[in-house]
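These notes concern the structure reproduced below.
Read-outs throughout are calculated quantities, based only on the coordinates presented, and are distinct from any laboratory measurement. It should be emphasised that the depicted structure is a prediction, and the values quoted were computed from it without experimental measurement. As a convention, Cβ positions derive from the backbone with ideal geometry for all residues, glycine included, and neighbour counts pool all protein chains shown.
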Amino acid sequence: MAAAQLENHNRPVRPRSYQVHSYSSDNIGDLQKAGVLQDVVLEVEGRQFPCHRLVLSAASPYFRAMFTNGMAESRQKTVVLQGLDAATFGEILSCIYSGTLHMSLDTVQPLYQAADLLQLGSVRDSCSSYMAMNVERSTCLDLYRFADVFSIDTVLKQCLPCIYRHFPKVASSEEFCSLSVNQLTEIISHDELDVREETTVWEAVVRWVQHSREDRLHHLPSILSHIRFNLLPPDNTAALLEHPLVRQNSEVRNLVLREASNCKRRGMDAEEMVLLFRIDKDDIDAREMLCVNPRSGEYMEFTDLGYFLPAVMTAAVTSDNDIYILMEEDDDDKVSLLQFNQPTQAWKKRCLIYRNTPKHALNSPVEYLFEVDGHIYYLGVQCTSVSRGVSVVMRKYEWITDRWEYCSKPRHNKLRNHVATACGQHIYLFTNTEMHRYDPSQDLWSRGTPPKTIPDLCTAVAMGTEIFCTDATSSKMAVYDVEADSWRELPGWSDPSRSPNAKGNPIFFALEGQLHVLVDFHNPRDDDDFDDDEEEEEEDDGNQRIYVYDRLTGTWRDSQVTLPDGRWKICGSGLPVARIFTCLPAQDNRTSPEGFPLQVHHGFVMSKQKE
């Protein structure tokens, strides 16, 4: 026993560290609220803030230098701070003591400026993240000007693509006239400007100059070197030469007539195209998005986009031409919202949706994605057990919080064979016997008149103030006038020799003001000399075609577009249409700005009919 005690006594003792939470920011905040142990008063715009030198010094190198380097402020009871707003400093001080920062679009810029002055890196970074997250058409110019002054790269990277994408509308705002000459030049020099004609760029520059003519007129020659006058039609050029700013200035006139050094078309020389995604069962690594214009016969195939895209559930294109998809995760109860960036040709994941799949569900939910008045809405409809009927989930995506919020649900009966689409400022969910209309501004559902003539509804799409729908065989069609709340029947599919494959239901889409449909056909079998596996493979290999509806004659016309090999589709009752970059060299292969492979084809030339 004594020997054992002696052995333990001689054993070396290993040091250890323990995390002891003896105080927290709550305790420090309590001291501040109680006014205990405060040893300095900071004065901003005549308002006094009693504080603790130790807390301020720990939070900010600015205050640490003020109170420890022998500066006069280290001996003063009251220190006056210049260049700060009292309300802003109050929020900064609250953040120092509580660790929580409250901000809005109205306060984020003053908060960033104060944090930059006081060397509060964490506050500055939080403000930068908030600004970058809130870049949209209405804010991009203001945030760009601010970010440019303070060289906030994260915000600039979000603002500039937004300005390019919405240039015609952005250039007509009052804030556009407040740009500096360098900022204006940076914007108009880029290839990615979303302008159909170079005249739009010229008009924006004229408006900027006229806003402060005496101060800005001398900048005009240097600015005009970034306008691609060679892209203007001859009539536009002739009219431009008669403009007072050109006619009265020989130097400017020579710039207009001089051959531009950059004659490349702007990057957003966009064309309306329908979006399709590869759904080949055997190609589990497919990451392809296909964009097709049936009128021009042109299609563009984006490959290797960084995400596995066969699990795309539905898609939507916003009024700002942003492309969003819902992609199923490995967990069936979750789907992700992804946003496609056209200039970089890459997907950005936003946030997850938890489906809340009902127990004993008969199948997977049918999911829709809509944009109404600048907001994204998710609608999920799922058949449950026979006794429970159908479950409906409605959610709204909040940009600021990057979260989905629940919305009200319609009072329905069964919603079997349903379709949904957005038209104007409302969302419509209907069957042959039920019509439900959702008003996002009121978060309210109301009832309308159902079609009553199409028992097996399959697809629906909105054009103007009308909603077109048809059944799984396209044999029955109807159009709904949303303003009159009335239906009218239309002639259906008129070619019985080529009836659509029952397994590949038709899907409507609206492109360039015309109704289109994507349909699947069975390939004809020449003989029966193949086994069951071959028969199943033959049936799965569909011939996909796009047809255009002639409303005057009530007939469908084959667009003659042949899609690339494979099967292309998307779940939901309608196909999304977006304006897609088309001013790319007509080469088989090239790379995007981010290095992703990009294939560009012209349908009638590059594609081949299936043999």
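Observations on the model:
- Net charge in the neighbourhood of Ile152 (other residues with Cβ under 14 Å of its Cβ; Lys, Arg +1, Asp, Glu -1) is -2.
- Pairs from Lys334/Lys476; Lys169/Lys476; Lys334/Lys452; Lys396/Lys569; Lys169/Lys409 whose Cα-Cα separation, in the structure shown, is over 31 Å: Lys334/Lys476; Lys169/Lys476; Lys334/Lys452; Lys169/Lys409
- GluC sites (Glu not before Pro) within the range 414-488: DSSP coil, no more than 14 neighbouring Cβ in 10 Å: Glu483
- Asp125 sits among other residues whose Cβ lies under 13 Å from its own Cβ, and their net charge, with Lys and Arg +1 and Asp and Glu -1, is -1.
- Here the spin labels are modelled as points 7 Å beyond Cα on the Cα-Cβ line, and at Ala86 and Asn69 they lie 2.9 nm apart.
- The gain in end-to-end length when the Glu512 to Leu37 segment is fully stretched comes to 163.9 nm, 0.36 nm per residue minus the alpha carbon separation.
- At most 14 other Cβ within 10 Å, DSSP loop - GluC sites (Glu not before Pro), the range 37-88: Glu45
- Calculated FRET value between Asp402 and Thr100, using beta carbons and R₀ = 25 Å, to 0.05: 0.85
- Given their separation in residues at 0.36 nm each and the Cα-Cα distance between them, Asn321 and Asp443 gain 41.5 nm when the chain is fully extended.
- D_trans [Stokes-Einstein, Kirkwood Rh over alpha-carbon pairs] for the range 27-134, 20 °C, 1.002 mPa s, µm² s⁻¹: 151
- Test item: Cα-centred dipole of the range 407-461, Lys/Arg +1 and Asp/Glu -1 on Cβ, debye: 180
- Taking Cβ atoms as reference points and 12 Å as the exclusive limit, the residues near Ser60 contribute a net charge of +2, counting Lys and Arg as +1 and Asp and Glu as -1.
- Rounded to 5, the percent of DSSP beta bridges in the range 27-134 classed as antiparallel: 60
- Zone residues, the range 50-79, relative to Asp116, backbone N less than 20 Å from point 7 Å out along Cα-to-Cβ: 60-63
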